[in-house]
Structures are given as C-alpha cells and as structure tokens.
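J.: Shown below is the structure under consideration.
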Amino acid sequence: MGKAKEKGAEPPADMPARLARACAQLEGEGAIKLTALGPPVVRGLLAAELGKLGFELTKTAARKPIASQLKQSLADGAFIALKRVAAHVAGATPAEAKRVALALVADGAAHLVLRGKEEVLVPASVGVLSSKELAAFEALAKVVAKVARAKNGLSLLRSDLTEALAQALPASAAAPVSNTRAERMPGSAALSSVLSAVDATRDAQTGLSFVPSIVARLRPAFSSDAAREALLIAAHSGLLELRPEGGINRLSPEELSLCPPGPQGTRLSWARRTESISP
Amino acid sequence: MTTTFLDSLHADPWAEQFVDLPSLNASVSDAIELSIGKVRSVARAEPQALRSSSLVVLGPPGAGKTHLFSRLRRRLGPRAVFVHLRPLVHTEITPRFVLHEIVKQLGYGTHGASGVPQAHTLVGSLLAHLRGKGAFFPQAFLAECEALSDAEREQRLDAAVEQVLGVWQEADESYLRRLLQVPFAKTAAMQRALLAWLSGRDCDVTQLQRIGATASLGEDLALSALRTLSAVASLGAPIVLVFDQLENLVDAEGPGSRLLAYANLTAELVDSMRGLVLVHMALDTEWSRGIEPALNLSQRSRLLMARETLSLPSAKEREELLRLWIECLPERPLPYPWPFTEAQAIGLCKRPGVTPRMLLVECRRAFQGEPIELDDEPSPEPAQVAERLALDGQGLESEWEERLLTARALAEQAAERREAIDPSRLADGLLACGQFLDAAQLTTLKSKDGVQLTLTLGALSVRLAFLHQAHPKSLGSAIAKLTSVAEREPVVVLRERAHDLPPTWKDTLAKRSALLATGRARWIWFEREDAERLLALDSLLQAARSGDLTDARGAPISAPTVSEWVAVTLAIPKWTIVRDVLGEDEGSEEREEEVEAALKPVPPEATSKGALALVRRLRIASLDRVVREVTRLDPLATRASVVAELEASSHEVRWFGRSIVGVRAL
C-alpha cells in the first residue's frame, strides 16, 4: 500500500491531456465538477492549473468566470430576465449570478431594462433610453396623468403629444438597433404573419408572391423596413426563397423601394415558400 | 477541364464544356424528359392520337434556363433532336423561319455520338424503329444501311417512306424522301444541298441539280414540311423545339404584333403538328406581367399545357455547385472552400437571391484574386457611379466583340455553304439600328411582294427588301415583284456583295435594269462586315432585354445602359449600310468605296500583299474568289481593299471586265 501511495503522489503522465480536456469542457459547458476532473490524486493539481488559467474555483466545481459567461450570452443577443439570470450561467448560485449581473450593469457592460413587469438584462449595444430621455418622458407622463385624471373632459391635442414624444425621443434614438441576433430574429408570431402574407399574395399559376404586395399586406403591423427585414430573415432561415427582379423596368420607384436589395445591385421582388414547408 | 467555364457566364446551348449539378431543378428536366418519352410512346402505340405538347419554363436571369437545354441535350443524347431558337426581336416569327432554324440545327452534332449531325440521329432512329430495331443506336443502324448496295438501300428507304405514309397519310412524300437521303449523301456538297432544300432556303441551280429537284421548297409548303418533320421524328428521336428569351417579344408599350404572331404560330404548331415538344422559356416577371396577360384563352390553353418555375439553388445546392466548380479548377493549392474563405463560402451559400450565374461570377472573382461582392448594393453612391459606368463600358465592349465574333463565324459558315445570311435576322438587325436614328423610322411590313421593312424619312416612305435568293429565276421573280412596287413608291433593295449577279444571269440582270429604270429604286450591295454588325447588334440588344449582359465584374447591365452605350459608342448612323439605306452617300460605286475606305481601318500590309500573291498563284480567277480567299485569311480585308490593291498593281494585273482578274503575262 505504501508503495502505491508513493506512486500516487507523483503526477501521472497524462496530466496535460487531462488539463486540455478539462479546459475544453469548461469552454463548452461553462463549469465542471471537481470530481469529474479525474482521480483524487490529480484533482488538486488540475484545479490549481485551471485556477492559473483564469478559471474560478468553488468548493465543488471549476467554472468560467460568471461575468464572462454572461457577457458571452449577451454578445449572442440574449435578453436575460434578472430573476432567471442563474439559468444562463453554469456553476453559480442565483445570488452570485445576480450580483455579477448588476456589476456588469454598473460597469456599463450591459443595460438593465424594465419589460412589462420584469427587469431584463440586455446587451450594451441595444438602444435604451438615457436618463435625460427618461426625465423628459417622466415630465410628459405627469402631464398625461394629470389630463387623464381630470373630470371636466380635458384632453390633449394629438399633434402636441406627437411633438412632445418626438422631442423626448429623437429620430436617431427611435431607430431600432438591429445588430443582435435576438432583434434580427422575429418572433414566431411575426414569422407566421410574414409567411401568411406570402401565401395570401401568391400567384396560383407561378407560385410566386410579389414582394411589394407582401409588404403592403403586412402593414400596419410592420413598417416597410421591418417587413423587408423579416422577409430577409425568413429567407436566411430557409423558409422563403427571395428572387431577383428579372423584368425590364416593370417596377415603379415605390415598388423598388419596398423590395430588399439583392446581390450585384439587384432587387428581390419575388418570394416563394420553399417546398419543404409549403402546404 | 480548363477554367474557360468560369468565363461562360451566359450558357451556350451547344457548348462542349459543361459543368452541371443534376439535382438542381431536376423536376423541370424530368418534366421535359417525360413529355419527350410520352410523345415517342404515343407515336409508336397510337400514331393517330399523337399530338404535340407545350410547356413553359420560367425563371429570373441567370437561373439556368439555357443551361437546362444543354443538360437535356446531354442527358438524352440521340433519344431526341434539340432545337434552340431565339425569336426575332423586331420582325414577326414565321413557319418558314422555324423550319429554317430546325433544319439548320439538324446539322449540329448530337451529344455523345462523336459529332454525328442530329439529322443522322433523326433518320437513323426512324429507320431503326421502322425495321423493328432499337432506336437509341441510330449510328449503328445507319452504318448497317451504308453497307448495303445502292439499290438495296433505295429499296429500304422506299419501304420506310411507304410505312410512314401508311401511318400518316398527310406526310409530304417528297420532303420525307429527301430527309431520309441526308445521311447517305455521297458528298458533303450534296448533303448541304439537301439540307438547304429541306430548310426552305432558296437553292441555287447547282444545288437543285445535285438533289434532282426542279425548284426550292416554297414558302407555302413550310407548314407541311414542319408537319412531316415533327411526325416522323417522333417515332425515334422527337424534336424538342425550345423558344428561349421570349421576353424579347414584349414591347415597352405593351404586347405588340410580334407577340401575337408568336402566340398564333405556336398555337398552330400545337394544333397541327404531331409529336413536337415545344418548350417556351422566359423571364418569370416578363411572362406573368407582359406575355401571359396578352394571350387569349385559346392561345393560353395551347401554350400553357404545363408550367415549371425554376428554383434558385438552396444553401446546400450552392455549396455543391461551388465544390463542383472548384474541383474543375486546375492546380488547386488548397481544398474547398479555396479560393473563398470559410466565411465567404458560408455567406454566399446563405445569402438570399443568389442565382447560379451570380455564384459563378463570385467564383470567378475569387479565383482571379478579386474581392468578392458580399455586401448588398441598394443604390450606388455618387462617387461609385463613374466607376460603375467604366465597368459597364468594359463589359459591353467585350460583349460586343464576342457577339461580332459569333456573327463573323455565322457569316463564314454561310459563305462556305454559299448561302446568303438569313434575311429575317438581317431585317431584324436593321430594325434594331432604327432605334438609334433620329430622323428616320424603320418599321416592319407584312407583304407578299418581298418587301420586309418600311423606312419613313419625314413625309417620304420607302420600302426595303433584302434579296437573298440564290437561284436566278427566284431572284428574277422577286425583282419583278419589287419593280411593280417601285412603280408606285420608292424601293431600296439590299443584297450581299458576295452574292453578285453573274453575267450569265442575263434575264435576272435585265430585270434588275428594269427595276433601276423605274427611277424609284436603289440597289445597295452590302459587305459581309455590314451584315455581321447587324447580326451582332441584334444579338446584343436581345441579350440586354433578357438581363444576360454583364459588366467587367460580372454584374448585370440594364437594358437602358446598353442602349445608351450603343448610341454613344457604336455610332450607328455612320455605319455604311445605314448611310446607304438613308441615301446619305448617293453616288457612284467609286465614291461608295472611298467612303468605306475612310470609315474602315487601313488593312495591314500583309493583307495588301495577299491579293496580289493569290492572283500570281492562280494566274486567273474571279474577283469573288480572290475576295473570298483573302478575307478568309485576313478578316480585316474587304472587297474594297482587295480591289484597290489589285488596281494599284495594274502593271502586273489585268482586268477582264470587272469580275475576272489575271496576271499580265496572259
């Protein structure tokens, strides 16, 4: 036995391989139980090596830093409810995860916004109202609340409110930033609307739907830009085939503006449901 | 495999080099193949019930419509005869034009049969079937027939004619007999004569003598000839007649007479032909917005028996296409996705709206080390407009050169066969020129007196006619008809100078003199180069309407840009034939040659020595022959340059009239 213990005190020959495996697992899964690192004789050594590599160690597990895990999720476009933030990281308690999330907000690495009744952590790249804009809205809300409470039929001019909203939310801020996956990907309801519009405008003979007609049908629920964007996303997802215009000056300037740009300066003026999902 | 396929952005229906992804739009190929198979089986089982079929194939530019033709040609080989036809852009399509195109393409090679003409395939399959043999090895059966003695073969062909007439009494016997003789013609000249007669061309005296005919096939027999041809082919190798680029039939103002004529003709082909497989190909937008709404119910029911819309390649198919093309590239330093990066390849495969042609363009760019175009271009920035115009210009110059080369090859082929260039295409080209003339207007005219076009110059209206006839009698007859027209209104007659009237055609020359004596007729000899320009212009404008022209980077060029480039660059009002037609160079032939010499580049020194050297070698020859041989060796040489050179060597060259030259020692 004593001989065996002596042997076990020496690091086994496959340490580098074990370390590489552990790193790969941590990168992929975010956390790994210490017991899964290997036999007890190597755990201590491996854990120490992982610590040197920047991984966090708890009593029972090694993990990627929680801040890194959260930043990665946000970079992928995730919107994370603060209540459930622990579900988005591995190897952390809810309290730990929430604390790190708030630290990210404090550092400006993420925003915390209220959506409905829920506080949600969103990427820093998403457009949110600044404190100045919030203050402007608060003032406006007070006016609206006062008018709404009045018993003498008091109201507001639509044009005044529109003007006040425009002042509170300038056009550049109003434009949605759509550079994250979450914003680019329309919800299933939106996608369903797009596909329904494609079906409704389909030419029974050719099986093609004219894109300006689809965009027109999606109004007012979708702005022209949103409809075009949704069509492109549906095409990227393989649900639709968008086809370049082949006609000879058949589109009016307005129709052209409704068609998403295609490759080599073309306009994508026709859409067709791909066969796999066609009814 | 070389990299030339990367330059073939526009599918050549007859190209030898071919890269295909069979799974892409396989359903469309299958639908056409099914129609061919059905026609053949009905022809054999129930010949009296045999009808023609018609199918419409639609797709955006670059989706692979013409590629589909090449694919089917390769896939079916000798099991069908393929005819690819682009409609006339400005003049109406006629049964004679269709017959001419079909028979012309019967002379093209059958794929997979070592260049055996399709005419041989057609006859071989027919004869094999009639003898109860397999129809898919026509060449083997023809070889067997060739081994027979002349008398035995005649007997066999007679029996075949009787068998066909027994099935379809309406078949034209004399047409059928000459068709069956094509593979067994003793000489190439006889085969050319047979095909010329079968195509409805005007044959010259020698050709008629060779095939034992007294006259060419009349225009009134074109439909009957088509009927015979389509029916007999259906027993072995059915004729697949593909009308491509039909968007060219639609005028900017809406459906015109050309579209109506096309619809009527094709409806008649469906009604009265047996065993023809008609395929109509067009841009999807133009068909659904311009062509189909203009068809009446009767025409629709005949043309639109089936409709297929080409799909764009899916992401997976795009990757397969890229792999296929890249595998064809020689000396690849890295595996797929080279010459793309991984991200570029994924981007290209996923991006919406990419056609196979666009993909090929990007592949070519990447292979040539140019940046590929992954970003959309909704509208060019002002700073990019100049660059874009420069690219368009470069692209159009090379497209124009390419089309000129093709036209030159066509003209040379016609010259070798001693045939005139197709007058319908020339008239079409001249009408295309009309778009770029300010004061003059050219319109097409339907008439039985040989007049094809009307030229309107202010209040003056002039009739134009291309005379292509090769036989003195038919030419004389055409001139006589024009003489009666000239008694009422001015006439301009155009004829290729290579088809000069020999002094022995006394009667025809007298008729020509009578025509010119009316004082209202002008006779214009035009050069082969003039004809080549007309053909090239026609082809360029047709491709522009079909979205088939691309700039130096491979991006499509719009039709208005092409028109603008043509107007600015080609200076059509200065073309010799245009000036002649407008009467801007009225005067003697000498003056005409002076103008030509001024407008054309000076021929190289080597050319100017060629004519004299040839005359020295031949001792005596006709001027036509000298011109023909010199221009064959040097495309820059013209008749005018040859004449000028010979006249400059008067100490050595002696003229016998204006048609024969010899060396002085004679």
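The values are calculated or read from the model by the stated rules, or taken from the named source; none is laboratory data. Model, not experiment: these values are computed from the prediction. With ideal geometry, Cβ positions are generated from the backbone for all residues, glycine too; neighbour counts draw on all protein chains shown.
J.: State all residues of the range B:67-93 that are modelled with pLDDT of 90 or more and polar (S, T, N, Q); if no residue qualifies, say none.
T.: Across the range B:67-93, the qualifying residue is only B:70.
J.: Now for a separate question. Which condition breaks for residue B:289 when tested against (1) in contact with a Gly (Cβ under 7 Å, 6 or more places away or on another chain); (2) crowded, with 24+ Cβ neighbours inside 10 Å?
T.: Here residue B:289 meets the rest and fails (2).
J.: Residue B:278 - would you say it is modelled with pLDDT of 90 or more, crowded, with 19+ Cβ neighbours inside 10 Å and within 14 Å of chain A (Cβ to nearest Cβ)?
T.: On the way: modelled with pLDDT of 90 or more: yes; crowded, with 19+ Cβ neighbours inside 10 Å: yes; within 14 Å of chain A (Cβ to nearest Cβ): no.
So residue B:278 fails the test.
J.: Moving to a separate point now. Restricting the range B:218-250 to residues that are within 21 Å of the chain's Cα centre (by Cα) and among the charged types (D, E, K, R), which is modelled with the highest pLDDT?
T.: Checked the range B:218-250; the qualifying residue modelled with the highest pLDDT is B:244.
J.: Here's another thing I want to ask about it. Being touching a residue at least 40 places away in the same chain (Cβ under 8 Å) and away from chain A (no Cβ under 12 Å) is the filter here, so list the residues in the range B:282-309 that pass it. I'd like the intermediate steps shown before the answer.
T.: Initially, the range B:282-309 is screened for residues touching a residue at least 40 places away in the same chain (Cβ under 8 Å), giving B:282-288, B:290-291, B:294, B:302-309.
The answer is B:294, B:302, B:303, B:305.
J.: Can I ask one more? Identify, please: which residue in the range A:241-266 is among the polar types (S, T, N, Q) and either within 30 Å of the chain's Cα centre (by Cα) or more than 9 Å from chain B (Cβ to nearest Cβ) (or both) and is, among those, nearest to residue A:217 (Cα to Cα)? Give the derivation first.
T.: Residues of the range A:241-266 that are among the polar types (S, T, N, Q), as a first pass: A:249, A:252, A:257, A:264, A:266.
Keeping just the survivors that are either within 30 Å of the chain's Cα centre (by Cα) or more than 9 Å from chain B (Cβ to nearest Cβ) (or both) gives A:252, A:257, A:264, A:266.
On the way: A:252: 18, A:257: 16, A:264: 28, A:266: 23 Å.
By that ranking, first place goes to A:257.
J.: Has the range B:51-59 got any residue that is among the small types (Gly, Ala, Ser) and within 14 Å of chain A (Cβ to nearest Cβ)? Spell out the reasoning first.
T.: First, pick out the residues of the range B:51-59 that are among the small types (Gly, Ala, Ser): B:52-54, B:59.
Pick out the ones that are also within 14 Å of chain A (Cβ to nearest Cβ) and you get B:59.
Within the range B:51-59 (the criterion being among the small types (Gly, Ala, Ser) and within 14 Å of chain A (Cβ to nearest Cβ)), the answer is yes, since at least one residue qualifies.
J.: Let me confirm something: among B:76, B:50, B:68, B:88, which residue is buried (at least 21 other Cβ atoms within 10 Å of the Cβ) and under 30 Å from residue B:443 (Cβ atoms)? Working first, answer last.
T.: Details: B:76 fails: under 30 Å from residue B:443 (Cβ atoms); B:50 fails: under 30 Å from residue B:443 (Cβ atoms); B:68 fails: under 30 Å from residue B:443 (Cβ atoms).
One residue alone meets the criteria, B:88.
J.: Quick test for you: out of B:313, B:339, pick the one residue that is farther than 28 Å from residue B:279 by Cβ and either out of contact with any His (no Cβ under 6 Å at 6 or more places or on another chain) or surrounded by fewer than 16 Cβ atoms within 10 Å (Cβ to Cβ) (or both).
T.: On inspection, the qualifying residue turns out to be B:339.
J.: Let me ask something additional. So is residue B:361 within 14 Å of chain A (Cβ to nearest Cβ), surrounded by 20 or more Cβ atoms within 10 Å (Cβ to Cβ) and modelled with pLDDT under 90 or not? Walk me through it before giving the result.
T.: Working: within 14 Å of chain A (Cβ to nearest Cβ): yes; surrounded by 20 or more Cβ atoms within 10 Å (Cβ to Cβ): yes; modelled with pLDDT under 90: yes.
In short, yes.
J.: Related question: With B:371, B:337, B:333, B:352 as the choices, which residue is free of Cβ contacts under 8 Å to residues at least 40 places away in the same chain, within 22 Å of residue B:26 (Cα to Cα) and assigned to a loop (DSSP other than H, G, I, E, B)? Can you show your working first?
T.: Values: B:371 fails: within 22 Å of residue B:26 (Cα to Cα); B:337 fails: within 22 Å of residue B:26 (Cα to Cα); B:333 fails: within 22 Å of residue B:26 (Cα to Cα).
Exactly one residue qualifies, and that residue is B:352.
J.: If residue B:312 passes every condition in (1) within 10 Å of another protein chain (Cβ to nearest Cβ); (2) not in a loop (DSSP other than H, G, I, E, B) but one, which one does it miss?
T.: Here residue B:312 clears every test but (2).
J.: With the checklist (1) more than 9 Å from chain B (Cβ to nearest Cβ); (2) surrounded by fewer than 21 Cβ atoms within 10 Å (Cβ to Cβ); (3) modelled with pLDDT under 90 in hand, flag the one item residue A:222 doesn't pass.
T.: Among (1) more than 9 Å from chain B (Cβ to nearest Cβ); (2) surrounded by fewer than 21 Cβ atoms within 10 Å (Cβ to Cβ); (3) modelled with pLDDT under 90, residue A:222 violates only (2).
J.: Next up: Being touching a Phe, Trp or Tyr at 6+ places or on another chain (Cβ under 8 Å), touching a residue at least 40 places away in the same chain (Cβ under 8 Å) and more than 19 Å from residue B:276 (Cβ to Cβ): is that true of residue B:128 here? Break it down stepwise before answering.
T.: Numbers: touching a Phe, Trp or Tyr at 6+ places or on another chain (Cβ under 8 Å): yes; touching a residue at least 40 places away in the same chain (Cβ under 8 Å): yes; more than 19 Å from residue B:276 (Cβ to Cβ): yes.
Yes, satisfied.
J.: So for the range B:487-496 (the condition being of a type outside the set (Phe, Trp, Tyr), under 25 Å from the mean Cα position of the chain (by Cα), farther than 28 Å from residue B:259 by Cα and buried (at least 17 other Cβ atoms within 10 Å of the Cβ)), does at least one residue qualify?
T.: Yes: the range B:487-496 contains one or more residues that are of a type outside the set (Phe, Trp, Tyr), under 25 Å from the mean Cα position of the chain (by Cα), farther than 28 Å from residue B:259 by Cα and buried (at least 17 other Cβ atoms within 10 Å of the Cβ).
J.: Filtering the range B:185-217 down to residues that are assigned to a loop (DSSP other than H, G, I, E, B) and farther than 22 Å from residue B:98 by Cβ, which residue is nearest to the chain's Cα centre (by Cα)?
T.: Going residue by residue through the range B:185-217, those that are assigned to a loop (DSSP other than H, G, I, E, B) are B:185-187, B:199-204, B:212-217.
Next, from what is left, pick out any that are farther than 22 Å from residue B:98 by Cβ: B:185-187, B:204, B:212, B:214.
Details: B:185: 25, B:186: 27, B:187: 25, B:204: 22, B:212: 28, B:214: 28 Å.
The selected residue is B:204.
For (1) over 22 Å from residue B:32 (Cβ atoms); (2) at pLDDT 90 or above; (3) hydrophobic (A, V, I, L, M, F, W, C), each residue gets a yes or a no:
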{"site": "B:52", "(1), (2), (3)": "no, yes, no"}
{"site": "B:65", "(1), (2), (3)": "no, yes, no"}
{"site": "B:101", "(1), (2), (3)": "no, yes, no"}
{"site": "B:108", "(1), (2), (3)": "no, yes, no"}
{"site": "B:113", "(1), (2), (3)": "no, no, yes"}
{"site": "B:118", "(1), (2), (3)": "no, yes, no"}
{"site": "B:137", "(1), (2), (3)": "yes, no, yes"}
{"site": "B:147", "(1), (2), (3)": "yes, yes, yes"}
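J.: With respect to residue A:93, determine if the residue is under 30 Å from residue A:20 (Cα atoms) and assigned by TED's automatic domain parsing to the domain that holds residue A:32. Can you show your working first?
T.: Details: under 30 Å from residue A:20 (Cα atoms): yes; assigned by TED's automatic domain parsing to the domain that holds residue A:32: no.
So residue A:93 does not fit the description; no.
J.: Could you list, in sequence order, all residues of the range B:167-204 that are more than 25 Å from residue B:476 (Cβ to Cβ) and among the aromatic types (Phe, Trp, Tyr)?
T.: Once the filter is applied, which keeps residues that are more than 25 Å from residue B:476 (Cβ to Cβ) and among the aromatic types (Phe, Trp, Tyr), the range B:167-204 yields B:168, B:175, B:184.
J.: Away from every other protein chain (no Cβ under 14 Å) and within 30 Å of residue B:464 (Cβ to Cβ): is that true of residue B:86 in this structure? Steps first, answer last, please.
T.: Numbers: away from every other protein chain (no Cβ under 14 Å): yes; within 30 Å of residue B:464 (Cβ to Cβ): yes.
Answer is yes for this residue.
J.: Only one residue in A:78, A:87, A:62 is in a loop (DSSP other than H, G, I, E, B) and aliphatic (A, V, I, L, M). Which one? Show your work before the answer.
T.: Values: A:87 fails: in a loop (DSSP other than H, G, I, E, B); A:62 fails: in a loop (DSSP other than H, G, I, E, B).
After ruling out the rest, the residue left standing is A:78.
J.: Identify, please: which residue in the range B:105-120 is buried (at least 21 other Cβ atoms within 10 Å of the Cβ) and in contact with a Lys or Arg (Cβ under 9 Å, 6 or more places away or on another chain) and is, among those, farthest from residue B:195 (Cα to Cα)?
T.: Per the stated criteria, the residue is B:111.
J.: So which residues in the range B:417-462 are of a type in the set (Ser, Thr, Tyr) and either over 25 Å from residue B:527 (Cβ atoms) or not in a helix (DSSP H, G or I) (or both)? Please lay out each step first, then the result.
T.: In the first step, residues of the range B:417-462 are kept if they are of a type in the set (Ser, Thr, Tyr); the result is B:424, B:443-444, B:447, B:454, B:456, B:461.
Across the range B:417-462, the qualifying residues are B:443, B:444, B:447, B:454, B:456, B:461.
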